[in-house]
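Colleague: Please read through the structure below; I'll follow up with questions.
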Amino acid sequence: MTETQGSNRTFNQPLGGNEMPRFAGPATLFRLPSSERAAGLDIAIVGVPLDIGTSNRPGARFGPRGIRAESVLVRPYGMATGAAPFDSFQIADIGDVPLNTFNLSHSIELIESHFDGILSHGAKTLSMGGDHTVTLPILRALAKIHGPMALVHVDAHADINDEMFGERITHGTIFRRAIEENLIDPQRMTQIGLRATGYSAADFDWSRDQGVRVVQAEDCWYQSLAPLMAEVRQRIGDAPLYLSFDIDGLDPSVAPGTGTPEPAGLTASQGLEIIRGLFGCKLIGADLVEVAPQYDPSGNTALLAANLLFEMLCSFPGCKRR
């Protein structure tokens, strides 16, 4: 499961389908080796199985396990991009954050502390939620190192509520908190895929008022997003970038397994275009959240999520392209 490179480093490799049937073998993401620590890793894969911050259907706590199960179908080379992440980085699945499933505020503290530990080893993180609440403590940990970051946020929802049922931290408030806490530079933030119904005409305006670029789903219909991503890269510049991808940014026809689905979303190919369009940016971390596998018995939502996570690996700086 390792391959020696010209630099004399050995990189972990996924267990291939001709070595072990895909329905067997390790239950890690991409059937990579597991590790208890991030030491020595370039990229640490980590699950954050929290869903007590969600406001509609629960179940995203099963997202990391479901995505790992379906990831057996993801192979190690990107045929369209020529990207070879497992020949480029030392990557391992370091398991899940141990949460307090009865206490949201304590869980947020545990997530931040866990990521502090990962980042102390110099590893970047590729994370699987969990509901979108998990992104806030991850950003808090990263901001201690990088300061205010650029952000690309793919979602059906802006997640900029001031509070929900009196709570200031839920999956629908995190990006307001992130901007208020100076974790994110709103002038270098782009939200893509926002849509559907709201409570007022101003539901997306708070983001715009802070300087965020908001690209509603209607602006993406029936077209390639490659030109948009060229503009997004220019907006990001050389700033450290975090990518947060809520699976409900995609249309329920391709990703029904989520807690708050909205019609008329992005296509699967547009999701790929967004992630591929970030190659060349200073990507320092990424997450894929809100997969709730029980609402999609086919497994296709989790399978698509696994493929999106692979594309994120391919978009980290330094990923070799053949």
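The values are calculated or read from the model by the stated rules, or taken from the named source; none is laboratory data. Not measured: the values here are computed from a predicted model. So basically every Cβ, Gly included, is an ideal-geometry build from the backbone, and we count neighbours across all protein chains shown. Side chains are part of the model used for accessible areas, which takes the heavy atoms of the whole protein and leaves out ligands, DNA and RNA. Shrake-Rupley method; radii C 1.70, N 1.55, O 1.52, S 1.80 Å.
Colleague: Tally up the residues in the range 27-36 that are open to solvent by 30 Å² or more (accessible area, probe 1.4 Å) and part of a helix (DSSP H, G or I), please.
Modeller: Qualifying residue count, the range 27-36: 0.
Colleague: Also, quick follow-up: Going by the conditions given, is F115 surrounded by fewer than 24 Cβ atoms within 10 Å (Cβ to Cβ), touching a strand residue (DSSP E or B) at 6+ places or on another chain (Cβ under 8 Å), among the aromatic types (F, W, Y) and within 16 Å of I284 (Cβ to Cβ)?
Modeller: no
The rows are residues; the columns are (1) part of a helix (DSSP H, G or I); (2) closer than 21 Å to P186 by Cβ.
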residue: G47; (1), (2): no, no
residue: R61; (1), (2): yes, no
residue: I118; (1), (2): yes, no
residue: D159; (1), (2): no, yes
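Colleague: Just for the range 143-201: of the residues that are out of contact with any Pro (no Cβ under 8 Å at 6 or more places or on another chain) and of a type in the set (S, T, N, Q), which one is farthest from T260 (Cα to Cα)?
Modeller: Q187
Colleague: If you don't mind, there's one more thing I want to ask. Could you identify the single residue in E163, E109 that is in contact with a helix residue (DSSP H, G or I) (Cβ under 8 Å, 6 or more places away or on another chain) and open to solvent by 60 Å² or more (accessible area, probe 1.4 Å)?
Modeller: Answer to the check: E109.
Colleague: Further question: So if I check each of T101, T135, which one is outside any strand (DSSP E or B) and open to solvent by 30 Å² or more (accessible area, probe 1.4 Å)?
Modeller: T101 is the lone residue from the list that is outside any strand (DSSP E or B) and open to solvent by 30 Å² or more (accessible area, probe 1.4 Å).
Colleague: State yes or no: is L243 in contact (Cβ under 8 Å) with a residue 24 or more places away in the chain and under 13 Å from the mean Cα position of the chain (by Cα)?
Modeller: yes
Colleague: Is there any pair linking a residue in the range 268-296 that is more than 19 Å from I67 (Cβ to Cβ) to one that is among the aromatic types (F, W, Y), with Cβ under 7 Å and at least six apart or on different chains, and which?
Modeller: L283/F316; I284/Y242
Colleague: Looking at D287 and the list (1) more than 15 Å from the chain's Cα centre (by Cα); (2) under 13 Å from I247 (Cβ atoms), which single condition is not satisfied?
Modeller: Only one criterion is unmet by D287, namely (1).
Okay, residues lined up against (1) small (G, A, S); (2) within 15 Å of R176 (Cβ to Cβ):
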{"position": "D116", "(1), (2)": "no, no"}
{"position": "S120", "(1), (2)": "yes, no"}
{"position": "A123", "(1), (2)": "yes, no"}
{"position": "L126", "(1), (2)": "no, no"}
{"position": "T133", "(1), (2)": "no, yes"}
{"position": "M149", "(1), (2)": "no, no"}
{"position": "H157", "(1), (2)": "no, yes"}
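Colleague: Check every one of the helices (runs of 4 or more DSSP H) wholly within the range 168-270 and list those with 2 or more residues that are open to solvent by 50 Å² or more (accessible area, probe 1.4 Å).
Modeller: 205-210, 226-236
Colleague: Is the range 152-159 home to any residue that is acidic (D, E), surrounded by 23 or more Cβ atoms within 10 Å (Cβ to Cβ) and within 19 Å of the chain's Cα centre (by Cα)?
Modeller: There is at least one residue in the range 152-159 that is acidic (D, E), surrounded by 23 or more Cβ atoms within 10 Å (Cβ to Cβ) and within 19 Å of the chain's Cα centre (by Cα).
Colleague: Can you tell me how many residues within the range 283-305 are within 25 Å of D42 (Cα to Cα), surrounded by fewer than 24 Cβ atoms within 10 Å (Cβ to Cβ) and either at pLDDT below 95 or touching an Asp or Glu at 6+ places or on another chain (Cβ under 6 Å) (or both)?
Modeller: Of the residues in that region, 1 qualify.
Colleague: Right, something else. Among (1) farther than 30 Å from E167 by Cβ; (2) surrounded by 22 or more Cβ atoms within 10 Å (Cβ to Cβ), there is one condition A39 misses while meeting the rest; what is its number?
Modeller: With (1) farther than 30 Å from E167 by Cβ; (2) surrounded by 22 or more Cβ atoms within 10 Å (Cβ to Cβ) applied to A39, the lone miss is (2).
Colleague: List every residue pair whose Cβ atoms lie under 6 Å apart, where the two residues are 6 or more positions apart in sequence or sit on different chains, the first residue falls within the range 29-52 and is touching a residue at least 40 places away in the same chain (Cβ under 8 Å), and the second residue, located anywhere, is among the basic types (K, R).
Modeller: These pairs meet every condition: L29/R68; I43/K124; P49/R61; D51/R61.
Colleague: Here's something else I'd like to know. Within the range 70-90, can you find the residues that are open to solvent by 20 Å² or more (accessible area, probe 1.4 Å), of a type in the set (A, V, I, L, M) and outside any loop (DSSP other than H, G, I, E, B)?
Modeller: Answer for the range 70-90, where residues must be open to solvent by 20 Å² or more (accessible area, probe 1.4 Å), of a type in the set (A, V, I, L, M) and outside any loop (DSSP other than H, G, I, E, B): V72, L73.
Colleague: Checking the condition of a type outside the set (D, E) and closer than 18 Å to N307 by Cβ, which residue from R61, R31 passes?
Modeller: Within the list R61, R31, the selection yields R31.
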